[in-house]
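J.: Here you go, one structure.
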Amino acid sequence: MSDLVLRPPTLDDEREAYAASAELAADGFQFLLADGDWAAQLEQFRREAVGDVPADRVPCDFLVAVVDGTVVGRASVRHELNDWLLRWGGHIGYGVRPQFRRRGYATEILRQSLARLHELGVEKALVTCDDDNVGSSRTIERCGGVLEDVVPGPDDSPALKRRYWVPTAPAA
Ligand SMILES: CC(C)(COP(=O)(O)OP(=O)(O)OC[C@H]1O[C@@H](n2cnc3c(N)ncnc32)[C@H](O)[C@@H]1OP(=O)(O)O)[C@@H](O)C(=O)NCCC(=O)NCCS
């Protein structure tokens, strides 16, 4: 899967990023995580990546997954955990556009996101998903995730959450 590139978004990605956002909204998944027009969002992503964040946020990388010039998905890689992320959100969030699913892209996005955390000195990543999200739990298990527990979700999303710890070092 070496043809999938996980990289920060650019001005040229605007149209596809908004298309992906509309498609993933149907799954109740928030693809874009910043405010304002596209240029303002890129600026917010840049600030978050260098840790210029409010007290209740952690540094994170917003990365688009690109295959043959097309945005197929995205990852949010949080450099550390706060209380909310430790309980529910985890280090890494990802989504793949519906028309590009079942091709191994989520697995590759998670693999590259884990490598990014490894670079940052995080040895084990917490990755969570809804208990009934078979595609996501299989993705996490394929990347070496070990189930820690299954916990009630936050008030605004009461579905049970599966919490996995995943080693970030590349498989030997
Ligand atoms: C969950 C999601 C990321 C999976 O993306 P994907 O690119 O299709 O996943 P992959 O192709 O890498 O598949 C990984 C594994 O999950 C399995 N899988 C993927 N979708 C599945 C589904 N709907 N049902 C059952 N198994 C599924 C694949 O078969 C594969 O397992 P295998 O190698 O043992 O066969 C994608 O469906 C998605 O974006 N959903 C909406 C957003 C979301 O739920 N994000 C995760 C939040 S925690």
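The values are calculated or read from the model by the stated rules, or taken from the named source; none is laboratory data. Owing to the predicted nature of the structure, the values given are computational and were not obtained by experimental measurement. Note that each Cβ is placed from the backbone with ideal geometry, even for glycine, and that neighbours are counted across all protein chains shown.
J.: Residues that are free of Cβ contacts under 8 Å to residues at least 24 places away in the same chain and more than 8 Å from the ligand (Cβ to nearest atom), at least 1 per element: which strands (runs of 3 or more DSSP E) completely within segment 88-157 meet that? Don't jump to the end; show me each part of the working.
T.: Values: elements: 92-96, 124-130, 146-151.
Here the list reads 146-151.
J.: Output the residues belonging to segment 21-74 that are among the charged types (D, E, K, R), modelled with pLDDT of 95 or more and over 13 Å from residue 8 (Cα atoms).
T.: 23, 37, 52, 57, 68
J.: Scan segment 61-79 residue by residue and report those that are part of a loop (DSSP other than H, G, I, E, B) and closer than 24 Å to residue 120 by Cβ.
T.: Once the filter is applied, which keeps residues that are part of a loop (DSSP other than H, G, I, E, B) and closer than 24 Å to residue 120 by Cβ, segment 61-79 yields only 79.
J.: Which residues, taken from segment 157-172, are small (Gly, Ala, Ser) and more than 24 Å from residue 116 (Cα to Cα)?
T.: Passing the criteria: 157, 159.
J.: Still on this structure, I have one more. Scanning for something closer than 14 Å to residue 9 by Cβ and surrounded by fewer than 18 Cβ atoms within 10 Å (Cβ to Cβ), does segment 79-92 turn up at least one residue? Walk me through how you get there before you give the answer.
T.: Taking segment 79-92 as the starting set, the residues that turn out to be closer than 14 Å to residue 9 by Cβ are none.
Among the residues of segment 79-92, not one is closer than 14 Å to residue 9 by Cβ and surrounded by fewer than 18 Cβ atoms within 10 Å (Cβ to Cβ), which makes the answer no.
J.: Tally up the residues in segment 1-28 that are in a helix (DSSP H, G or I), over 16 Å from the mean Cα position of the chain (by Cα) and not acidic (Asp, Glu), please.
T.: The total comes to 5.
J.: Select from segment 33-60 the residues that are outside any helix (DSSP H, G or I) and in contact with a Phe, Trp or Tyr (Cβ under 8 Å, 6 or more places away or on another chain) and write down the one among them that is nearest to residue 74 (Cα to Cα).
T.: Among those residues, the one meeting the criterion is 33.
J.: Quick check, is residue 62 among the hydrophobic types (A, V, I, L, M, F, W, C) and within 16 Å of the ligand (Cβ to nearest atom)?
T.: yes
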